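Only the coordinates and a few stated rules stand behind these numbers; no lab work does. This one's a predicted model, so the numbers in the text were calculated from it and none came from an experiment. Cβ placement follows ideal geometry from the backbone for every residue including glycine, while neighbour counts extend to all protein chains displayed.
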Protein chains: 2
Amino acid sequence: MEELAFAIGKNIREKRRANGLPQDRFALVAGIDRSYMGRIERGEVSITVEKLYRIAAALQCEPVALLPKISSIHLQPPHKANKSSLKKRQ
Amino acid sequence: MEELAFAIGKNIREKRRANGLPQDRFALVAGIDRSYMGRIERGEVSITVEKLYRIAAALQCEPVALLPKISSIHLQPPHKANKSSLKKRQ
DNA sequence: TCAAGCCACGGCTTATAATCCGTATTTTAA
DNA sequence: TTAAAATACGGATTATAAGCCGTGGCTTGA
């Protein structure tokens, strides 16, 4: 149900297949664990920007080519709802 | 020295200031810890794509507006150099 | 002056990203 | 069909992203 991760994973898979690379070899090129790469493509995990850049590099594209428009994503509130720690300014 | 993180942090700070928001209030809007937001802007930490989207949303811009061109970044090899686990196909 | 706003920075903890290795299942080509 | 390639998926561990709370330093306006 991770909308963002799912959209990214779908884009990665499409481009990878367009490049004719199997998942495990692609993971190797990107310098990412093969099992983790599977999870990324399935949208099961939330990746770092650094991983995004590795993957884009392996696909020879810009990171933005893998990212959905922000308007298409509704991100759910943080797990630890961050409670102010900011003085009210009446 | 994290080139990517530093570039992103710089972009975020610029846009935040352009919006006239102090760091702590901005962190609040983005739903991110104030102290962590400071580290992000200083380029001390590697963030997830999900955080990138939160920040972009708070800045009312697309994530790509915060990301440097891939050609301007040389990413260093993974810490755990991922050793094949892939059969040779001689 | 000093109070308040803004930011840097620290130590510590908690959540989770990422790895490693194995095996089951599906897909594809001969 | 069936063997091999490609992928799914699992458990367990390690690395690190992210949160929490405090403090200190700097700048500016009252």
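What's the center-to-center distance, using Cα atoms, between the range A:14-28 and the range A:37-80 in Å? Spelled out, the Cα-based centre of one part sits 16 Å from the other.
Using the crude model of +1 on Lys and Arg Cβ and -1 on Asp and Glu Cβ, and no other charge, please compute the dipole size for the range A:2-70 relative to its Cα centre, in debye to 20.
Working: 12 positive and 9 negative charges, 44 e Å.
In debye, rounded to 20, the range A:2-70 gives about 200.
Grab the other residues whose beta carbon is less than 13 angstrom from that of A:Arg13, score K and R as +1, D and E as -1, and report the net. Spelling it out: positives minus negatives among the neighbours equals +3. Pairwise Cα separations in the protein assembly as shown fall into 5 Å bins from 0 onward with the following percentages, short to long: 1, 8, 16, 19, 19, 15, 10, 6, 3, 2, 1, 0, 0, 0, 0. Extension gain, A:Ser72-A:Ser35: 0.36 nm per intervening residue step, less the Cα-Cα distance, totals 10.5 nm.
In this label model, B:Glu44 and B:Val64 are separated by 3.2 nm, measuring between points 7 Å along each Cα→Cβ vector.
Taking amide H positions as modeled 1.01 Å from N, with prolines and chain starts lacking one, the residues under 5 Å from A:Thr48 and 5 or more places away or on another chain are B:Val49.
With only Cα atoms counted, the range A:5-66 has Rg and Dmax values of 9.9, 25 Å. Projecting the Cα atoms of B:Pro63, B:Asn19, B:Val29 onto the charge dipole of the range B:2-70, computed from C-beta unit charges around the Cα centre, puts B:Asn19 farthest toward the positive end.
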